[in-house]
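Asker: Could you have a look at this structure, given as structure tokens, before my questions?
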Amino acid sequence: MDISSPAAHGQPHARLDDRQRPSWPVNGVDRYRGGDAVCLAIGDLHLWSLLTIHHALNRVGVSTTLRILTIRKVARAVSACRYFGLTALGELLARIPEAADSTGPADVFDAEYRQRYSDGTELVRAAQWKVATAPEDFTVSRV
């Protein structure tokens, strides 16, 4: 038995079932080191940036999104919008810093975002179009 395990110290070993697992993926940095390191292509990076902001805005709204993510990540999402041809979404995301400052503008921003983008349909279409027109910008690997 591993002496660092909870069972070695008299504690029961807790197993997480699917209901207890966190909904946000844990960063597994180990897979990016060594000979099998995965290098993400530009399209992958833009998609990751866009989906990070999209997920946060849908789950917690603009005020909390700006508290948990950085302005730099917002800027990357705006850049991703340009990459995917989502001009209107990019203009909306560029307003995040002002919208998060107070309750009134935050509520208006959240309502507009949820009305226009919460289902993700436009994002999916844009990503599919980009993958079809520039497949070299995306990594196909066994991640």
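Asker: Enumerate the calculated ³J(HN,Hα) couplings along the range 75-90 in order (Karplus 6.51 cos²θ - 1.76 cosθ + 1.60, θ = phi - 60°), each rounded to whole Hz, writing x wherever the residue is Gly or Pro.
Answerer: Once θ is set to phi - 60°, the couplings for the range 75-90 become 4, 5, 5, 5, 4, 4, 4, 4, 4, 8, x, 9, 4, 5, 5, x Hz.
Asker: For the range 55-94 and the range 97-117, what is the centre-to-centre distance using only Cα atoms, to the nearest Å?
Answerer: Taking the Cα centre of each part, the range 55-94 and the range 97-117 sit 12 Å apart.
Asker: Next question. Rank Gly61, Ala80, Gly43 by how far each Cα sits towards the positive end of the charge dipole of the range 42-133 (+1 on Lys, Arg Cβ; -1 on Asp, Glu Cβ) and give me just the farthest.
Answerer: The residue sitting farthest along the positive end of the dipole is Gly43.
Asker: For Cα pairs less than 8 Å apart in space and 6+ apart in sequence, what is the mean separation divided by the residue count of the range 42-133, i.e. the relative contact order in percent? Walk me through the numbers on the way to the answer.
Answerer: Details: 75 pairs, mean separation 27.9, N = 92.
For the range 42-133, the relative contact order is 30 percent.
Asker: Report, in debye and to the nearest 20, how large the dipole of the range 42-133 comes out about its Cα centre when Lys and Arg carry +1 and Asp and Glu carry -1 on their Cβ.
Answerer: The calculation lands at about 300 debye.
Asker: Follow-up. Determine, for Leu86, Leu40, the number of other Cβ atoms within 10 Å of each Cβ, and report the residues in order from fewest to most.
Answerer: In increasing order of surrounding Cβ atoms, one gets Leu40, Leu86.
Since every read-out is calculated from the coordinates, none of them should be taken as a lab result. Since we're looking at a predicted model, the values are computed, not measured. FYI the Cβ positions are ideal-geometry reconstructions off the backbone, even for glycines, and counts take in every protein chain you see.
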